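The values are calculated or read from the model by the stated rules, or taken from the named source; none is laboratory data. Because the structure is predicted, anything quoted here is derived from the model rather than measured. Every residue, glycine among them, receives a Cβ derived from its backbone with ideal geometry; neighbour counts consider all protein chains shown. Heads up: the accessible areas ignore ligands, DNA and RNA and are worked out on the full protein's heavy atoms, side chains in. Shrake-Rupley method; radii C 1.70, N 1.55, O 1.52, S 1.80 Å.
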Amino acid sequence: MSQSRGQWSSHLGFVLAASGSAVGLGNLWKFPYIAYENHGGAFVLVYIAAIALVGLPIMVAEIVLGRRSQCSPVGAFRSLHGDRPGSKLWAATGLLGVLAGFVILSYYCVIAGWTLKYILMAVSGQLGTMVSDGTFNDFFGPFLANGPEQTLWYTLFMGMTIGVVFFGVKGGIERVTKILVPILFAILIAMAIYATTTEGFGRAMTFLFRPNFSELDTGAVLEALGHSFFTLSLGMGAMLTYGSYMRSRDSIPKAAVTISLIDTFIAILACIIMFSIIFTENMEVQKSSTILFTTLPQIFFKMPGGSLITGFFYLLVAMAALTSTISLLEVVTSFAIDELKLKRRQAVMLTGGSIYVFGLLNAWSLGANDTLTNVNLIGRESTAGVLGTLDYLASNWFLPVGGFLIAVFTGWVLTNKSSREEMEKGHGPLPWYTGWRALIRFVAPLVVGAIIVSVILGAEYQ
Ligand code: PHE
């Protein structure tokens, strides 16, 4: 199997592809609004702690499982577990990851599709006109409810994703992420430099970095934990799959630390940029979950060169989303290649095609179709519609449960010798190996177990 398997051409190739997977709507859309809702400061600190103590160790674990087994999630658990009793449970863990990839991709592409519409509206001048004559205030709701529009942008985004994965690990994924990820950094850093010149910059920094622990509740702690999974692409085998294409001479710990740092840095940079301009304009944030699509465009257009800045900005969001959707599709595709013994191109068409058809249900659940819009199996406001329900299931159940099982498997099933060997391969002796092992055996399962129990008791992370 390993001979026909793809491989990254370098350490940098892997780090950029995996960072591309991690950095996405989670950083640019979700993190700023949950940081805003949870009053910044203390929440940001807790989030950083969650990344360091739980996210990073689990990321190392996933890459170890992937590179050691040279398999996609289902095969990885199966082959590393061997014939001992309980192997079905572990194969099911892999399957849960594939299911999560399927589900997340089916709605992530809907949201990502909106960025294409915004790029077009910005460069054509339409967005500028709507902002200045006030009609932009009534744009978003009807846009979501417009079936043909949602279908169009969703189809385009899914098409781009399928197009990249079609060309494989080196020729598609690595080639595209190597170009997009550096451009993304450059645009973000340029925008952050601009943000430092605005009046609201000081307030933004205070908001983000002066913790006030009296504003922190348990809900916020759990939300920070839950989000650390989503943002680092953990709990569903994306890092495992990418890790399986890693060369044996490259260092896993080094890569995992770099990816986590980049992801955290970008989430915080996004907040600095957005809050600086929101505070400068003293903008009322009505609904924080739509900051990215309703608040920001209005501010951008007040700046000199508004359409250009806005166009660039949504291009950035689109690129970040694309490098994440690629990794979601790759998990499902590599499963089809390994388990159904298909050729890559057939596998991509089969998996991409079925996810596409399924995802139409999400695209039409924002007002276009009454039945799809009104289903609400969970019964909360945020879980209304097919898209709301699936996002709830994936972020609250699939990823935490997957992460828990991955931590338990790596800490308790995989032998100490195997994990040490894999971590030191391409790196050399690791003095803090024991520290990592304690985190993966005890801290991660306990903390993630606490998330799961809290979800059962009714908390929710979106
Ligand atoms: N990490 C991505 C983001 O922050 C989302 C993602 C989750 C991608 C799981 C792959 C797997 O947007």
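For the chain, the solvent-accessible area with a 1.4 angstrom probe is 38 square angstrom per residue.
Helix-only arithmetic for the chain: the sum of -39500 (n - 2.57) across DSSP H runs with n ≥ 4, divided by the residue total, places the mean residue ellipticity at 222 nm at -21500 deg cm²/dmol.
Carbon-plus-sulfur accessible fraction, the range 261-346 (probe radius 1.4 Å, protein heavy atoms only): 62%.
Expressed as a whole percent, the accessible surface of the range 86-150 that belongs to carbon and sulfur atoms is 68, based on a 1.4 Å probe.
Please list log₁₀ I(q)/I(0) at q = 0.11, 0.12, 0.17, 0.21 Å⁻¹ for the range 215-332, using the Debye equation with identical point scatterers on the alpha-carbon positions. Summing over Cα pairs of the range 215-332 leads to -0.53, -0.62, -1.06, -1.30. 3J(HN,Hα) along the range 314-325, derived from phi through the Karplus expression 6.51 cos²θ - 1.76 cosθ + 1.60 where θ = phi - 60°, amounts to 6, 5, 4, 5, 4, 5, 4, 5, 5, 5, 7, 5 Hz, with x in place of Gly and Pro.
Once the Cβ-Cβ distance of residue 124 and residue 217 is raised to the sixth power relative to R0 = 51 Å, the FRET efficiency obtained is 0.70. Using the Cβ of residue 72 as centre and a radius below 14 Å, the other residues enclosed give a net charge of +2, where K and R count +1 and D and E count -1.
Based on the Cα coordinates of the range 363-462, what is the per residue volume of their convex hull in Å³?
Given the Cα convex hull of the range 363-462, per-residue volume reads 120 Å³.
Where q = 0.15, 0.18, 0.19, 0.25 Å⁻¹, what log10 of I(q)/I(0) comes from the Debye formula for the range 288-366, counting one point per Cα? For the range 288-366, the Cα-only Debye profile gives -0.73, -0.85, -0.89, -1.11.
Would any residue of the range 310-325 have its amide N under 17 Å from a label point 7 Å out along Cα→Cβ of residue 132? List them or say none. In the range 310-325, the label zone of residue 132 (backbone N under 17 Å from the point 7 Å along Cα→Cβ) covers 310-311.
Distance from the alpha carbon centroid of the range 103-182 to that of the range 422-454 works out to 37 angstrom. Using the Karplus relation 6.51 cos²θ - 1.76 cosθ + 1.60 with θ = phi - 60°, the per-residue 3J(HN,Hα) values for the range 335-345 come to 4, 5, 5, 6, 8, 9, 6, 9, 6, 3, 5 Hz, with x marking Gly and Pro.
Label-to-label distance, residue 290 versus residue 84, with points set 7 angstrom from Cα along the beta-carbon direction: 5.2 nm.
Sequence-ordered 3J(HN,Hα) estimates for the range 37-47 from the Karplus curve with 6.51, -1.76 and 1.60 and θ = phi - 60° stand at 4, 9, 6, x, x, 4, 4, 4, 4, 4, 4 Hz, glycine and proline given as x.
With every protein chain in place and a 1.4 angstrom probe, the accessible-area ranking of 319, 160, largest first, reads 160, 319. Using a ≥ b ≥ c from the Cα gyration tensor of the range 81-138 (square roots of the eigenvalues), is it rounded, prolate or oblate, where a/c under 1.5 gives rounded and otherwise the larger of a/b and b/c decides, a/b for prolate? Cα axes put the range 81-138 in the prolate bin. The angle separating the long axis of helix 218-231 from the principal Cα axis of greatest extent in the chain is about 70 degrees. How big is D, in µm² s⁻¹, for the range 63-196 by Stokes-Einstein at 25 °C and 0.890 mPa s if Rh is the Kirkwood radius over C-alpha pairs? In µm²/s, the coefficient rounds to 131. Put simply, the amide H of residue 200, placed in the peptide plane, has neighbours under 5 Å in 280, leaving out anything fewer than 5 places away on its chain. Over all projection directions, the Cα-based convex hull of the chain averages an area of 20.8 nm². Pairs exceeding 22 Å between alpha-carbon atoms, taken from 178/254; 170/341; 88/343; 88/341: 88/343. Taken as Cα centroids, the range 8-56 and the range 279-294 sit 21 Å apart, rounded to the nearest whole angstrom.
Remark: C-alpha extents of the range 162-219 on the principal axes read 50, 35, 14 Å, sorted largest to smallest.
Applying a 10 Å radius around every beta-carbon, put 149-155, 221-227, 21-27 in order of their mean neighbour count, most first.
Sorting 149-155, 221-227, 21-27 by mean packing, highest first, produces 21-27, 221-227, 149-155.
Counting charges near residue 283 (Lys, Arg +1; Asp, Glu -1) among other residues having Cβ under 13 Å from its Cβ returns a value of 0.
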